[in-house]
Amino acid sequence: MIEFVHVYKSYDKNYILRDLTFNIYKGEFVFITGPSGAGKTTTLKLLTAIEKPTHGVVNVFSIGISDIKPKDIPFLRRKIGFVFQDFKLLPNRTIFQNISLSLEISGISSTVIANNVTNILKAVELYTKKDDYPLSLSGGEQQRVAIARALVLNPPVLMADEPTGNLDDNTAGIVIDILKSFNNKGTTVIVATHDKSLIDLGRARVIDITKN
Amino acid sequence: MIKALLTLEGHVSLISQKINYLNNYFKIAFLNIRSNLAGNFFAFLIMSFSFFVMLIFTLCYINVYNYMLSFEKNNTMLIFLKDSANYHNNNIIVNDLLKNIKKLHGVKSIKYYSYNSSLRFLIKHTPKISPVLKTIDPRDLPPVIKIHFNPEYISRIYLSNVYFRVKSLNGVQFVYYSRLLADKIGEFIFFTKVIGLLIFLFLFISSIFISYSAIKLIILKKQDEIEILKLVGATNSYIRIPMFIEGVIGAVLSFITSIILLFLLFKIFIYYHFNGFLSYFKIEVVFLNAFEIFVIFLIAVLSGFLGTYFSSRKFF
C-alpha cells in the first residue's frame, strides 16, 4: 500500500532523509519514530505529496509521488486522512462545519454529510459540542475534532503527526484508543511520534527512520 | 436496457454532485463574507468609491456628448434681417426673401418672426427672465426667418451652399445655422470621444486595481485556510470559486450602492438646483440609460472577477 525505496530528501543540500526504505501494508498500525528533526513530519509530507523526494521512490496506492500531476494531488489526499500536530482547524467554522469540510470537497450531498458527521461526532464523543467553535475547546477536544475530520470520509489510510504532542497522558490514551478502534475497522494508521510512552501504549510496529 | 439505466444513473449522480458543489461554493462564499465582515466592508467601501467615480464620469460624459450631438441633429437655419426690413416694414424685402428661400431644394418650411413675435418667443421660452424682457423695446430685437430642412437633404456641402446663397440675398444681416457650429466642434467631438475613451479605460483599469487591492486584503487573511483546504484534498477550483463568488458579490453590491448614490445625487443636485440653470442653455440633463448602466454593471462584475483572479493567483 505504501512503499519507500531508497528515499532521500534534502533542503538546500542539507539531507533530512537518507536512504529510507520501508513498506506499510493494508490494515497496519505503524509508528514512525525518531528524535526531533529526524524527518518524521517530512516522511508524512512525502506520503501526501506536500513534498517530493529528492531521490528514490515513494509509492502510495501504487501512485508515484515523484511523478504525480498537480491536478491529481487533491484526489490522493482525499484517500489519506491527516491529523496535524497543531490540529489545523478553521477557527471561523463550527466543529460540525470543520468536520464536514472533507465531505463537502468531495461533492457529497448535505443529507449524507449530516448523517456521517453526526456518526463520527458521536464516535469521538463530541456530538454535544457540534455547534461550538474550535477555540472554545480544550487541546484534547480539538485533537479529537481533527481526527474526526480526517476519518469522516472513511479514508483507507490515517496519518497523525505527533497527535498527542500537546496533550496530557490521559487525553493521549483516549486519542490512541480512538485511533486503535478505527484501525480495528480496517483503516491503516500511521503515527509519527518521538514519544516512547505513546509507542508503548500503542503496541504496534515501529519504523525508526534513524536506524533505516 | 440495464446498461442504459446505469448510464442514466451515472449522469444523475454526476449532476447531483455538481449541484452539491455549486451549493457549497455559495455557502462558503457567504460564510467567508460573514466571518470577515470588517474586511469585506472595507473592500466594499473602496470598490463603491471606485465605481462611483466611474459612474459620475460616465454621466458627465454622456451628457456632454449628447449636448454636442444635438448640434449635429439640428436641421434649422436662422436668418437675421437688417434693420431696414423692420423699421420701414419693408414687406417687399421680406416677401422677396421668403420667395427666394422657398425656391431652394430641400427647404421644408419657413417661418417669419417680426420683432414683436421675436420678443413673444423669448418671453415664452425664458419665463424666468420675462419681467426683464418686458422692459425691452421690441424694436431692439431683429426680425428673423427660420428655415427647416428636409432631413434627407442635410449634408455639410448642401448646408454650406444654402448658407452662402442666403447670406448674399438682399436684406440679410446674419445667417446662423447650428451645423456651422457643429462643423467647428466636430474635431472637438472626436477628441471628446478619444479622451473619454482613454479616461474610461483608465478608470476601468483603476477599478480592477482597486478591486485587486481590496480583495487581496481579504485573501491574505485566508492564507491559513487555503493551506488547510489544500491539505484535506480541496482542488484549486474548489478553493478559488467561492473567492470569485465573494469578489463578484462585493463588486455587485458596491455597484448597486454607487448607482443608488449617484441617482440620489442626480435627483437632489441636478433636478432641484441646476436643472433650471442648465435648461437656460438648452442643455437637457439626462440620467444614464439602462444600457449604459448595464455596461458599467458588467465592468463592475469583471473588475470583481479580475481583482479576485490577480489577488488569488499567488496561492495557486
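Brief remarks follow.
- Considering segment B:167-194, and only residues there that are under 10 Å from residue B:77 (Cα atoms) and modelled with pLDDT of 75 or more, the residue that is surrounded by the fewest Cβ atoms within 10 Å (Cβ to Cβ) turns out to be B:176.
- The single condition among (1) more than 9 Å from chain B (Cβ to nearest Cβ); (2) not in a helix (DSSP H, G or I) that residue A:90 does not satisfy is (1).
- Selection from segment A:93-112 of residues that are more than 9 Å from chain B (Cβ to nearest Cβ), open to solvent by less than 10 Å² (accessible area, probe 1.4 Å) and among the β-branched types (Val, Ile, Thr): A:95, A:99
- Among residues of segment A:51-65, those that are out of contact with any helix residue (DSSP H, G or I) (no Cβ under 7 Å at 6 or more places or on another chain) and within 14 Å of another protein chain (Cβ to nearest Cβ), counted: 1
- Contacts under 6 angstrom Cβ, first residue in segment B:133-161 being closer than 23 Å to residue B:94 by Cα, partner open to solvent by 90 Å² or more (accessible area, probe 1.4 Å) and part of a strand (DSSP E or B), 6 or more apart: B:146/B:111; B:148/B:108; B:149/B:108; B:150/B:108
- Residue match in segment A:41-54 (condition: closer than 16 Å to residue B:229 by Cα and open to solvent by less than 30 Å² (accessible area, probe 1.4 Å)): yes
- Scanning segment A:10-39 for residues that are charged (D, E, K, R), surrounded by 14 or more Cβ atoms within 10 Å (Cβ to Cβ) and at pLDDT below 90 yields a total of 1.
- Flag if residue A:115 is surrounded by 19 or more Cβ atoms within 10 Å (Cβ to Cβ), more than 7 Å from every other protein chain (Cβ to nearest Cβ) and assigned to a helix (DSSP H, G or I): no
Let's see how each residue does on (1) under 19 Å from the mean Cα position of the chain (by Cα); (2) more than 21 Å from residue A:74 (Cα to Cα):
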site	(1), (2)
A:111	no, yes
A:126	no, yes
A:129	no, yes
A:136	no, yes
A:140	yes, yes
A:154	yes, no
A:157	yes, no
A:161	yes, no
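- Residue match in segment A:149-156 (condition: within 14 Å of chain B (Cβ to nearest Cβ), in a helix (DSSP H, G or I), touching a Pro at 6+ places or on another chain (Cβ under 7 Å) and surrounded by 20 or more Cβ atoms within 10 Å (Cβ to Cβ)): no
- When segment A:76-87 is filtered for residues that are at the interface with another protein chain (Cβ under 9 Å from one of its Cβ atoms) and either of a type in the set (S, T, N, Q) or under 22 Å from residue B:17 (Cβ atoms) (or both), the ones remaining, listed by number, are A:76, A:77, A:78, A:79, A:80, A:81.
- Picking from residues in segment B:212-243 that are of a type in the set (Lys, Arg) and either assigned to a helix (DSSP H, G or I) or open to solvent by less than 60 Å² (accessible area, probe 1.4 Å) (or both), the one that is nearest to the other protein chains (Cβ to nearest Cβ) is B:230.
- Filtered by the rule that a residue be open to solvent by less than 50 Å² (accessible area, probe 1.4 Å), of a type outside the set (Ser, Thr, Tyr) and within 14 Å of residue B:266 (Cα to Cα), segment B:46-66 gives B:52, B:55, B:57, B:59, B:62, B:63.
- Count of segment A:66-75 residues which are more than 8 Å from every other protein chain (Cβ to nearest Cβ) and within 17 Å of the chain's Cα centre (by Cα): 1
Here's the yes/no breakdown for (1) more than 26 Å from residue A:204 (Cα to Cα); (2) out of contact with any Lys or Arg (no Cβ under 9 Å at 6 or more places or on another chain); (3) part of a helix (DSSP H, G or I):
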| site | (1), (2), (3) |
| --- | --- |
| A:6 | no, yes, no |
| A:15 | yes, no, no |
| A:31 | no, no, no |
| A:72 | yes, yes, yes |
| A:75 | yes, yes, yes |
| A:99 | yes, no, yes |
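- Every condition in (1) within 14 Å of chain A (Cβ to nearest Cβ); (2) open to solvent by less than 90 Å² (accessible area, probe 1.4 Å); (3) at pLDDT below 80 is met by residue B:14 except one, and the failing one is (2).
- Among the residues of segment A:46-57, the ones that are part of a strand (DSSP E or B) and closer than 19 Å to residue A:27 by Cα come to 0 in all.
- Scope segment B:135-166; condition of a type in the set (Lys, Arg), more than 33 Å from the chain's Cα centre (by Cα) and modelled with pLDDT under 80; matching residues: B:139
- Test result for residue A:206, part of a strand (DSSP E or B), in contact (Cβ under 8 Å) with a residue 24 or more places away in the chain and of a type outside the set (Gly, Ala, Ser): yes
- Qualifying residues in segment B:119-132 (those that are of a type in the set (A, V, I, L, M, F, W, C) and touching a residue at least 12 places away in the same chain (Cβ under 8 Å)) - the one surrounded by the most Cβ atoms within 10 Å (Cβ to Cβ): B:119
- The lone exception for residue A:191 - which of (1) in contact with a strand residue (DSSP E or B) (Cβ under 6 Å, 6 or more places away or on another chain); (2) in a helix (DSSP H, G or I) it fails: (2)
The values are calculated or read from the model by the stated rules, or taken from the named source; none is laboratory data. Since this is a predicted model, take the numbers as computed values, not measurements. As a convention, Cβ positions derive from the backbone with ideal geometry for all residues, glycine included, and neighbour counts pool all protein chains shown. All accessible areas refer to the heavy atoms of the entire protein, side chains included, with ligands and DNA or RNA removed. Shrake-Rupley method; radii C 1.70, N 1.55, O 1.52, S 1.80 Å.
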